[in-house]
1. Confirm whether A477 is out of contact with any strand residue (DSSP E or B) (no Cβ under 8 Å at 6 or more places or on another chain) and among the hydrophobic types (A, V, I, L, M, F, W, C).
2. Determine, yes or no, whether E222 is in contact (Cβ under 8 Å) with a residue 24 or more places away in the chain and open to solvent by 30 Å² or more (accessible area, probe 1.4 Å).
3. Sort out which residues of the range 368-400 are assigned to a helix (DSSP H, G or I), touching a residue at least 40 places away in the same chain (Cβ under 8 Å) and β-branched (V, I, T), and write them in order of number.
4. Test D299 against the stated conditions and say whether it is in contact with a helix residue (DSSP H, G or I) (Cβ under 7 Å, 6 or more places away or on another chain) and not small (G, A, S).
5. Would you call W472 open to solvent by less than 50 Å² (accessible area, probe 1.4 Å), touching an Asp or Glu at 6+ places or on another chain (Cβ under 9 Å) and either among the aromatic types (F, W, Y) or closer than 18 Å to N197 by Cβ (or both)?
6. Here is a list of conditions, (1) of a type in the set (A, V, I, L, M); (2) more than 23 Å from the chain's Cα centre (by Cα); (3) surrounded by 19 or more Cβ atoms within 10 Å (Cβ to Cβ), and V393 meets all of them except one; can you say which number that is?
7. Residues that are touching a residue at least 12 places away in the same chain (Cβ under 8 Å), within 16 Å of E535 (Cα to Cα) and open to solvent by 40 Å² or more (accessible area, probe 1.4 Å): find the helices (runs of 4 or more DSSP H) completely inside the range 595-673 holding 1 or more of those.
8. Answer yes if at least one residue in the range 40-61 is closer than 30 Å to F320 by Cα, open to solvent by less than 20 Å² (accessible area, probe 1.4 Å) and touching a Leu at 6+ places or on another chain (Cβ under 9 Å), and no otherwise.
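The values are calculated or read from the model by the stated rules, or taken from the named source; none is laboratory data. Everything numeric in this text was worked out from a predicted model, so none of it was measured. With ideal geometry, Cβ positions are generated from the backbone for all residues, glycine too; neighbour counts draw on all protein chains shown. We work out accessible area using only protein heavy atoms, side chains counted, and drop any ligands, DNA or RNA first. Shrake-Rupley method; radii C 1.70, N 1.55, O 1.52, S 1.80 Å.
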Amino acid sequence: MGISRWILPVLIMGCVLSFIHNESAAQGAATTHNLMPVPASLRFNSGRLAITPSFTIAVKGAIAVKGHSDARLLAAIDRMARRLEARAGLTFARGLASDAAAATLVIQSQSAGKAIPAVDEDESYSLEVSNSQAVMNAPTVVGALRGLETFLQLLSGGADGYYIPAVSIQDKPRFPWRGLMIDIGRHWQPMEVIKRNLDGMAAVKLNVLHLHITDDQGFRIESKKYPKLHQLGSDGNYYTQAEMREIIEYARMRGIRVVPEFDMPGHTTSWFVGYPELASKPGPYQIERRWGVFGPVMDPTNEQLYKLLDGFIGEMAALFPDAYMHIGGDEVEAEDWKENPKIQAFIQEKGLKDNHGLQAYFNQRLSKILIKHGKRMIGWDEILHPDLPKDIVVQSWRGPQSLAEAAKKGFTGILSNGYYIDLIEPAWRHYLNDPIPENTTLTPEEQRLILGGEATMWSEWVSPETIDSRIWPRTAAIAERFWSPREVKDVDDMYRRLAVVRVQLEDVGLLHKKNPEAMLRRLAGDLSGDEYVVETIKKLVDVIEPVKGYKRGSMQKATQFTPLTRLADVARPDSDAARELAKATTGLLYVDSGDRGDRVDRVSAMLTSWGYAGHSLPSIIEQSPIMDEALPLAKDLEEISEIGLEGIKYLNQRNAPSDEWRASRIARLEAAAIPKAAVEFAIIQPIKELVIAAAEQEKRKMMSAEEWKKHVKSLAAEKKKQ
């Protein structure tokens, strides 16, 4: 394709994109609110509370009456006020106002709440905003912390300055357990990563940080009783106990619990580097550098194992104040047990039937140790066994059905299946996944056993540089699912609000937008100073996503030492550009009212821009070897964009193309859809619909708008399936 064919469309692209931006801005101004999570009860009233340099905050209630204010509340007020200042560009007086009647915001909290955050913490609050004052009521300080985040999200701007709309909110979470799991065992995550993500969690009202601390690839906590665990099992990358206390306190100040996970009896290679005698096979052992499920497993018949676990768990119980301790229990490879005659004899002697029975025996012993040290057990699905105490918590990676079965047996549980954010699924898929679906067969009593859920950030394919872009902003949508009523599930509105929250999350120091942009410039190499080059690469990155599920491991071999700096690491989950193309294409193909010419221009502008980028990329790639893997993607991008433009041309001419054209274009789109460089195009489907609509346009006259839409989409889906 010659470069000249792109020049004219590119010249008009600027004004078309300006139209898109202005239209979007107008739509944004008309929206009701940008709150995420949506409160349990929300009513907007007439009027607004002006935010001016005279903004002040006062504290009332039982806390103030006792002559002091809770340190958590004071710190949260200060954080909120500083963020409010930054957004409004104003300077407020420091400290609390002495006259509550004259304060802009009055916070009434009846108690400090629990000294150690707990699963039964009262996080409710109410907020009443009028023209003259905002009043927040909360039974506990943690409830006030949640209300402060809502107050900040309510900030709006207009011709007369910034304001909080008059509103009446009564809010409380739907589920008491709303978590984020971060795997620090496989890829080490330093303290600054954990702290900034705790701030992000607080901003969207998550309340549990689950740290996956040990795995085959690393033992990440200092043990003073058994120092070889961290000295030999971590490459020096571990938290000292003082550092972990700092994290726990940082979380507590934000009303967030920290639940530690020490995975056992499997996923334990790093334990055996220092203590090989705990394993079911003799050593020596080395830290595992690859990803997967590995054979080394603890020996449940070894009494010395329980002696060490008693000492270690006692030490960790003193460090982690939360009532729960996670023991993993997942993916136990039994080959080492099967090949050990002593272990097999033990199974027979104890009447354990099989290896699953042996794991249950181990968990029963472990449960008694946890109880001894004042902890309740939580583990993955595999720990479920009728002989375990009913107060254990089952964390389900298998799915809602597995979670429901546990509840029917009287066990409490939380759901993580459907919230595996490391699998790069779009936000809408997580958003519509519910710990208690509408069609549940659980009784109301059984439903109360479902405590909530956790998003899980497994770290095989993330580094400290990329982890934020994998967690955020999608986890904000998950946080809404855990907090807001089940009926709040409008996907389009979720994405509208998520676009705002994504930017606001930068206020707390998250790097989900900043780091990918820096990584993109790195891909440009010596050309990174040329903004045109960077923007051209960005156009490719905008329309691709990392492959989903576990595909990347089969496409790219990696170890713990592999740099995560390639195209798949820069590409982000849930492409905004693809969603915008799908929306614009829907308007072009399936909406009869309005100015069709504007919709044609919108889709054409996007396709033209991407096609020109695809054409320009090869010369850039020649000078940046790390981009070599993108060469076939550049060709794909140019050609699939041209196919979309051809489809629009046929539609405009009201002239159906030949069957040969249709077949060849669909085949080319299918070829482009095959993942390359561990990424995949996110824009294939709407372009395929353009092709189908162009080829089938004669049938449009005989169908209603809805029939036509179903017809085109079903044919496009059939082709994709084939």
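1. yes
2. No.
3. I369, I383
4. yes
5. No, not satisfied.
6. (2)
7. 596-621
8. Checked against the condition, which is being closer than 30 Å to F320 by Cα, open to solvent by less than 20 Å² (accessible area, probe 1.4 Å) and touching a Leu at 6+ places or on another chain (Cβ under 9 Å), the range 40-61 yields no hits at all.
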